[in-house]
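The values are calculated or read from the model by the stated rules, or taken from the named source; none is laboratory data. As the structure is a computational prediction, the values presented were derived from the model and not from experiment. Cβ sites come from the backbone with ideal geometry, for glycine too, and all protein chains shown count toward neighbours. Quick note on the areas: whole protein, heavy atoms, side chains included, nothing else; ligands and nucleic acids left out. Shrake-Rupley method; radii C 1.70, N 1.55, O 1.52, S 1.80 Å.
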Amino acid sequence: MADETATEKSKKEVTVKVLVPVPVAGNIIGKGGEGIKDIKKKCTATIRVSGREELFPFAEERIVLVVGTADATLQVLDIVQEKVRNMGREESGNTRNKPRSNFNPRAKEMKIVIADSTAGRVIGKKGDVVKRIQTEHNVQVRLTGKEDWGAVPGERIATISGKDPEQVSGAMKDLLEIIVKDPDSSLNKSLVYPSYPMYDMYNYYGGVPPQRSHPGGNYQGSRPPAPMGGAPPPLYNGYQSDYNPPTNGRGRRFI
């Protein structure tokens, strides 16, 4: 079978899911659904937003499903990124475009759900592809692992973070090009996930959360220290950006 031409690839439909904080999901939908209608007018991609209670497993974030060509999907992702960054400006009291040092770190991140097979292509041989993307666009790219705590079977989270939205957009464009080339990149289009067993880390630590490396930091890529006499808990996912201990001593979702 002949390789796909550039024209065929440009018309190929891709499916991605984006994780967004709950307030951002509301801004995307808009009052009376006007926001999402406006996006649909500007872009030819299909866009759906999960309901208030339809959160990504172990994440206090809603899901934006985008289906369309790579170009149309990137248009939607750029709009979503703008709304995520606006969240950070509002929280810091900064209404101008100039970033501030006390920005919410989450405001600089785009968290995109991709297939397992696509994640391997994003990493590349000995990490050469992800290193190139990071160097060319001056961004950081983190991917959750198959064995990470709370991992959803068949799906991985690619977190792209950077100070400049145009650089993040460039990295997202590269990611979409990789998705187009992956014959197994198709995702389940459902926004409702089954219940997954919750690891009660709060009780494991006797009500004392493990220390983060810095305020707002995460546990991605390393195991928190085990309490005395206990085995270390599982690895934590890269899409967790903070720890909020429950007040009732029971487990809860994590970002």
By residue number, the members of the range 41-61 that are open to solvent by 100 Å² or more (accessible area, probe 1.4 Å) and either touching a Cys at 6+ places or on another chain (Cβ under 6 Å) or not in a loop (DSSP other than H, G, I, E, B) (or both) are K41, K42, R48
Residues located in the range 143-154, provided they are of a type outside the set (K, R) and either under 22 Å from K83 (Cβ atoms) or open to solvent by 50 Å² or more (accessible area, probe 1.4 Å) (or both): E147, P153
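Conditions (1) in contact (Cβ under 8 Å) with a residue 24 or more places away in the chain; (2) touching a strand residue (DSSP E or B) at 6+ places or on another chain (Cβ under 8 Å); (3) open to solvent by less than 50 Å² (accessible area, probe 1.4 Å), marked per residue:
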{"residue": "K108", "(1), (2), (3)": "yes, yes, no"}
{"residue": "K111", "(1), (2), (3)": "yes, yes, yes"}
{"residue": "D116", "(1), (2), (3)": "yes, yes, yes"}
{"residue": "I123", "(1), (2), (3)": "no, yes, no"}
{"residue": "V141", "(1), (2), (3)": "yes, yes, yes"}
{"residue": "R156", "(1), (2), (3)": "yes, yes, yes"}
{"residue": "P165", "(1), (2), (3)": "yes, no, no"}
Taking the conditions exactly as written (surrounded by fewer than 20 Cβ atoms within 10 Å (Cβ to Cβ) and without any contact (Cβ under 8 Å) to a residue 40 or more places away in the chain), does G26 satisfy them or not? yes
Would you mind stating whether I179 is closer than 20 Å to G68 by Cα, assigned to a strand (DSSP E or B), β-branched (V, I, T) and open to solvent by less than 30 Å² (accessible area, probe 1.4 Å)? no
Failed condition for T135, given (1) open to solvent by less than 10 Å² (accessible area, probe 1.4 Å); (2) farther than 24 Å from P21 by Cα; (3) polar (S, T, N, Q): (1)
